[in-house]
Structure formats: C-alpha cells, structure tokens
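The values are calculated or read from the model by the stated rules, or taken from the named source; none is laboratory data. All figures in this text were calculated on a predicted structure; none of them were measured in a lab. In this analysis, Cβ positions are derived from the backbone assuming ideal geometry, glycine residues included, and neighbour counts consider all displayed protein chains. The accessibility values were calculated without ligands, DNA or RNA, using every heavy atom of the protein model including side chains. Shrake-Rupley method; radii C 1.70, N 1.55, O 1.52, S 1.80 Å.
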Amino acid sequence: MIVVNGKIGDIRLGDEAIKSVYTGDDLVWEKKERMQPLILEYTVGSGDMVRLPVGSIDKVVIDWGGDDSGTVVFTTEHPTHSYVNTGIYTVKINGKFASLNSYSSTTEEKNYLTRVLSWGGGQGITSCYRGFYQCSNLSAIPADYENAFGEVTTFERCFFHCTSLAGIPEGLFYNGSSVISFSSCFDNCVSIPSIPSGLFDNCSLATSFVSCFYGCSLVSSIPTGLFDYCPSATNFSGSFYHLSYLKSIPIGLFDNNPSVTSFSLCFCGCSALTVIPSGLFQCNLAVTTFEGCFQNCSSLVSIPSGLFENNHFTTMFTACFDDCSSLPSIPSGLFDNNPSVTSFSGCFRGCSSLTSIPSTLFEFNVNVVSFSSCFYDCSILASNTPRGNDGLELWERAGNSRYPDTITSTGCFYNCTAINNYAYIPSGWKVVE
C-alpha cells in the first residue's frame with residue numbers, strides 16, 4: 001500500500017507486496033508479508049461434518065469449497081461445516097490463527113481430511129501441537145516455502161498416528177528456526193518409507209526428538225547428518241523406536257549434539273539392526289541414561305569396544321541390551337569409564353547367544369545398587385561370573401568398603417545354569433521372586 005499526499009494505493013514489486021509511507025521529503029519503504037491461505041482437502045459423504053484444525057483464532061475467512069457453502073467469517077475456535085453432497089472439497093482458510101490442533105475433533109471428523117495442499121503463510125501460527133493428531137486418512141503434506149511455520153515452537157504429536165501419510169517432504173521444516181520440540185511428531189506414521197536428508201537443518205533450537213519417528217516401521221535407513229544442525233538437542237528417547245527394517249546407523253549421527261542427556265529406548269525394537277557404529281556416542285558427554293537403548297535388537301551381533309567410553313555421567317544401563325538374542329559376546333572394558341552407574345538391571349536379559357562375561361566387566365562400577373535380571377535367561381553362558389580385581393564377586397560387594405550397603409540382585413543369573421561357578425551363586429541371585 002502506498003500513501004502519498006493523502007492518496008492510498010496498492011503496488012507490487014516482483015512477488016513481494018510492499019508499502020510506502022510519505023513522510024516529508026522521505027519515502028520510507030517497508031516490506032509487507034504476503035498472507036496465503038491454508039488449503040485442506042476433505043473427502044466427505046452426504047451430511048458429513050468437518051471440524052477445521054485451527055485454533056487461537058483472531059479472525060478467519062473460510063471458503064468451504066462449493067456445495068453452496070459460500071464464504072464465511074469466523075472468530076470462534078475450530079469452525080465446522082456440514083456438507084450436503086458427497087465429494088472432495090478444497091477448503092481455503094484465510095486470516096490470523098495461532099495454532100493448528102485437531103485434538104478436539106471426533107475420529108470421524110479427522111478421517112475426512114485427506115490432504116494438506118498448502119500451509120499458507122503469514123497466519124501467525126506459533127503451535128502445531130497435535131496439529132493433525134490421528135488424522136488417519138491424511139495421505140500427503142507439502143513443504144513450507146511460504147514461511148507458515150516461521151514462528152512455530154512445537155510440532156509435538158503433530159502427525160501422531162497419521163497412518164496413511166505416504167511421505168515427508170524435504171522442506172517441511174525449512175522455516176523451523178523457532179521449533180523447540182519434535183516429540184512424537186511422526187509417531188506411528190507406519191506408511192512413511194523414508195526420512196529426507198536435511199529435514200532438521202534449519203532447526204537449531206530443537207531440544208526434544210522424543211519418539212519423533214516412533215513406530216515408523218517402513219523406514220530402513222537414517223540419513224547421514226540428520227541432526228548435524230541441532231546443537232541444542234537434549235533428548236533422543238525413543239526417537240527410532242520399533243523401526244523394524246532399520247539395518248544400520250550412520251557414523252557420527254549424534255556428533256553435533258553435545259547436550260544430549262537421554263538415549264533411553266532410542267533404537268529399541270530395531271530388530272533388523274546388526275551392528276552399532278564405533279564412536280556413536282563419543283561426543284555426548286552429558287548422557288545420563290541408556291535405558292533400553294538397544295532393547296529387542298534381536299539381530300545385533302556385536303557391540304563396538306569403547307562404545308560408552310566418553311559417557312562418564314551415565315547412571316542407567318537398565319535393559320540396554322535386553323533381548324539382543326543374537327549377541328555372542330561383550331567387549332572387555334565396555335563400562336570402564338562409567339563410574340556413576342547405579343543400575344544394570346536387565347542389561348543383558350534374554351541375550352540367549354551370549355557365551356561369556358568379561359571377568360572385570362563391572363570393575364569400575366562401584367556405585368551400582370541393582371543387578372536384578374542382568375543376565376536373566378542367558379542360558380549358554382559358560383564363563384565364570386564377573387568379579388573385580390579386589391577378588392569380590394558381585395554378591396559379595398554389598399556392605400564392603402567403597403560399595404553400597406544394599407544391592408538388589410533378584411534373578412541376576414536366572415537360568416544361567418552353564419556358568420562355571422553356578423553352584424556358588426547365592427539363591428537370591430538365581431531366582432525370581
């Protein structure tokens with residue numbers, strides 16, 4: 001818009017709308033953001049009602065896409081409309097609204113949404129929390145090149161259980177510079193075949209990737225450098241949980257994430273994973289838990305030496321390799337640099353191919369208060385039980401100098417009858433209460 005000598009008029013320069021204000025002898029130009037509509041596709045039957053996933057509305061103008069619906073102005077949350085005729089309708093939403101959220105919709109209303117055709121731009125969206133939560137027939141979404149998401153701080157559960165979503169566009173988070181959380185963003189998107197490279201390259205403030213790709217069972221690989229530009233990341237709990245086709249992890253996947261504190265359940269259920277790359281956690285000095293990190297990785301055949309050598313503050317290895325049934329051995333010194341550990345409960349439970357335990361595996365883990373089920377059902381273990389250089393067996397530690405007064409031990413060596421000194425293991429370490 002231009003204002004000169006009291007006259008107003010709109011002008012356009014290239015693709016950008018601008019305005020100028022005449023102030024004395026100066027002509028001041030200011031960029032004016034274009035506003036583009038959010039465009040959704042709904043597939044409905046006669047009499048079906050849709051509820052739009054837009055909230056925190058200032059004012060929106062909606063074109064319901066024909067069916068004699070006209071164009072309507074709304075200021076209330078989650079506008080609704082019932083269609084007279086069966087068909088596929090393109091709904092355009094113009095105006096200001098701060099959130100995308102479909103959580104309040106019924107299952108039927110969510111099922112009518114089949115595609116997002118454009119994210120629009122300039123609406124002032126700050127939250128995509130549960131944006132398209134359980135929209136099970138949503139099959140396609142576009143990239144965001146119009147800066148619709150420039151102010152968004154959360155995509156938590158945005159596409160949660162969008163089971164028909166057939167892909168993630170490469171530029172979806174192109175304007176994600178304000179995003180803090182991607183928790184459960186694509187949780188159980190079982191039809192997504194891959195993760196695009198550079199997906200999070202512009203998301204430097206993101207801290208949480210908890211369950212981000214949980215249950216995306218068709219994904220068979222992780223792009224190299226996926227988190228290279230996410231230095232603020234603190235939590236990867238369950239990020240790749242149950243990616244049952246995942247066969248490998250790229251080298252250096254977490255090298256640029258120095259603030260991570262949790263990898264719990266990160267690769268749990270990745271049943272096709274065979275190896276772990278060396279140095280996977282070498283730059284993650286702040287990690288406190290690896291609980292269940294590789295649980296149920298039933299094809300895993302080796303653990304690299306020094307995997308945890310830089311994780312000095314880790315306290316939990318509970319169920320870390322639980323049910324890694326193909327794992328034949330444990331590298332010596334695996335936990336030598338983890339003096340803060342308090343729990344190895346279930347760490348190697350169900351590792352039925354394990355044949356031996358390094359004699360000084362827990363030599364430097366003097367603060368452990370739980371070994372419960374640590375080697376539960378490792379039925380072909382044929383070595384002696386691990387002991388420290390002080391000569392103490394695990395069951396002799398409690399109450400001795402530098403060890404805790406009490407150590408929980410239930411089922412630590414349950415069904416480990418092939419162990420050389422099995423007869424000398426106290427019953428409390430062999431039975432399950």
Considering the range 340-350, residues that are closer than 20 Å to T261 by Cβ and of a type in the set (G, A, S), and then whichever is least open to solvent (accessible area, probe 1.4 Å), we arrive at S343
Scanning the range 351-377 for residues that are surrounded by fewer than 24 Cβ atoms within 10 Å (Cβ to Cβ), under 13 Å from L327 (Cα atoms) and within 33 Å of the chain's Cα centre (by Cα) gives S352, S353
Residue pairs qualifying under the 7 Å Cβ cut-off, at least six apart or on distinct chains, with the first in the range 200-213 being acidic (D, E) and the second being in a loop (DSSP other than H, G, I, E, B) and surrounded by fewer than 24 Cβ atoms within 10 Å (Cβ to Cβ), are D201/Y229
Condition set over 15 Å from S356 (Cα atoms), of a type in the set (A, V, I, L, M) and part of a loop (DSSP other than H, G, I, E, B), scope the range 390-422, selection farthest from the chain's Cα centre (by Cα): answer is L392
Is at least one residue of the range 163-177 buried (at least 20 other Cβ atoms within 10 Å of the Cβ) and either within 22 Å of F263 (Cα to Cα) or under 14 Å from the mean Cα position of the chain (by Cα) (or both)? no
message = Looking at the structure I just gave you, is S221 modelled with pLDDT of 95 or more and open to solvent by 10 Å² or more (accessible area, probe 1.4 Å)?
response = yes
Residue pairs qualifying under the 9 Å Cβ cut-off, at least six apart or on distinct chains, with the first in the range 326-341 being closer than 22 Å to N284 by Cβ and the second being open to solvent by 50 Å² or more (accessible area, probe 1.4 Å) and not in a loop (DSSP other than H, G, I, E, B), are V341/M316
Those strands (runs of 3 or more DSSP E) completely within the range 1-90 that have 1 or more residues that are modelled with pLDDT of 90 or more are 38-44, 49-51, 54-63, 80-82
Checklist entry - Can you find even one residue in the range 115-125 that is more than 16 Å from V54 (Cβ to Cβ) and in contact with a Leu (Cβ under 9 Å, 6 or more places away or on another chain)? => result yes
Condition check for L199: within 15 Å of C270 (Cβ to Cβ), of a type in the set (A, V, I, L, M, F, W, C) and modelled with pLDDT of 95 or more = no
Exception for Y214 within (1) touching a strand residue (DSSP E or B) at 6+ places or on another chain (Cβ under 9 Å); (2) under 18 Å from C293 (Cβ atoms) falls at (1)
Flagged in the range 135-147 as within 16 Å of L40 (Cβ to Cβ) and open to solvent by 40 Å² or more (accessible area, probe 1.4 Å), in numbering order, are N137, S139, E146
